[in-house]
1. So which of Asn181, Asn149 ends up being over 24 Å from Lys235 (Cβ atoms) and either surrounded by fewer than 20 Cβ atoms within 10 Å (Cβ to Cβ) or touching a strand residue (DSSP E or B) at 6+ places or on another chain (Cβ under 6 Å) (or both)?
2. Among the numbered conditions (1) among the hydrophobic types (A, V, I, L, M, F, W, C); (2) surrounded by 18 or more Cβ atoms within 10 Å (Cβ to Cβ); (3) under 20 Å from Ala251 (Cα atoms), tell me where Phe45 comes up short.
3. Contact list please: Cβ distance under 7 Å, first residue in the stretch 225-253 and at negative phi, second residue among the basic types (Lys, Arg) and at pLDDT 85 or above, pairs at least six apart or on different chains.
4. Quick one: which of Ile71, Ile25, Ile101, Ile9 is surrounded by fewer than 16 Cβ atoms within 10 Å (Cβ to Cβ) and at pLDDT 85 or above?
5. For the stretch 121-139, does any single residue satisfy the condition of being over 19 Å from the mean Cα position of the chain (by Cα), closer than 15 Å to Asn252 by Cβ, without any contact (Cβ under 8 Å) to a residue 40 or more places away in the chain and part of a helix (DSSP H, G or I)?
6. If you check every pair at least six apart or on different chains, which have Cβ atoms under 9 Å apart with a residue in the stretch 24-40 that is outside any helix (DSSP H, G or I) first and a residue that is surrounded by 12 or more Cβ atoms within 10 Å (Cβ to Cβ) and of a type in the set (A, V, I, L, M) second?
7. Return the pair list, or none, for Cβ contacts closer than 6 Å from residues in the stretch 198-210 that are of a type in the set (D, E, K, R) to residues that are not in a helix (DSSP H, G or I), at least 6 apart or on different chains.
8. Consider Ala165 against the criteria (1) under 29 Å from Pro105 (Cβ atoms); (2) loosely packed, with under 13 Cβ neighbours inside 10 Å: it satisfies all of them except one. Which criterion is unmet?
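The values are calculated or read from the model by the stated rules, or taken from the named source; none is laboratory data. The structure displayed is predicted, hence computed values, not measured ones. Please note: Cβ atoms are built from the backbone with ideal geometry, for glycine as well, and neighbour counts cover all protein chains shown.
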Amino acid sequence: MKDLLLKLIHFGYRQVLCCIFPAAIFLTLAVSKHINIDGLYRYDFILIVCLITQALMLALKLESFDELKVISLFHVIGLGLELYKVKMGSWAYPEPAFTKISGVPLYSGFMYAGVASYICQAWKRLELRFTNWPKNSYTYPIVILIYLNFFTHHFLPDFRWLITAVLVLVFFKSSVTFKVNTLKLGKVNTYRMPLLLSFILIGFFIWIAENISTYFGAWQYPNQKLAWHMVHLSKISSWFLLVIISIVIVANLKKLKYPDYFN
């Protein structure tokens, strides 16, 4: 029992370290809701903190330049999605800001980049390795279809469940291994998890983070205009699909440099 508790403590500690960037965003959202800075809008303040945090992550060697490239790519992907979704009325950013484009504050892309940052950190800190990782000829088309469906479902049928069925077929045999120690010198345990389960779990925890973010006014769904309400459970499926995009992007960077991480 004591050994299990130590493993959980170590795993939790590693997870906290993996969440440095997302945690900085959440803390900024919480603090900025209760303070006012003359001449600086809240959304602009959040953007400045995100930029400083990103610079510190790089300066302190918590992230490499290669990882920064991936995180920046996901920032652009997320910002493109935000611009479209806000235009379609899926959610809104009601507060004013100097750094808004078509109603979308630039800091919003960092919330997507935070997902990629977590994955990059987990890769190193938990020593992730993959078994039966699908071929690029499968993963690339799926990622493209997932991203396009976020746009097209506004005027075409929503194919997310069909895409999910294909994902199950493609990733059914795939698994991820990670290492956890018991804080005892030389005692390291390796665990294996089905990759699809990891996608679901990450999507679920991001949904929890989304509830926290909307509570602090990071953005606003139509049903939250008058008062805050919990984000609908159906959003877990959206995050599940978005997680797959981010993991495939990060995985392909790692696969180029560390092909032995995949088998």
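1. On the way: Asn149 fails: over 24 Å from Lys235 (Cβ atoms).
Of Asn181, Asn149, the one residue that is over 24 Å from Lys235 (Cβ atoms) and either surrounded by fewer than 20 Cβ atoms within 10 Å (Cβ to Cβ) or touching a strand residue (DSSP E or B) at 6+ places or on another chain (Cβ under 6 Å) (or both) is Asn181.
2. (3)
3. As it stands, the answer is Ser237/Arg160; Leu241/Arg160, since those pairs meet every condition given.
4. Result of the check over Ile71, Ile25, Ile101, Ile9: Ile101.
5. yes
6. That search, which allows pairs on different chains as well, returns Leu40/Ile48.
7. Glu210/Val231
8. Among (1) under 29 Å from Pro105 (Cβ atoms); (2) loosely packed, with under 13 Cβ neighbours inside 10 Å, the lone unmet condition for Ala165 is (1).
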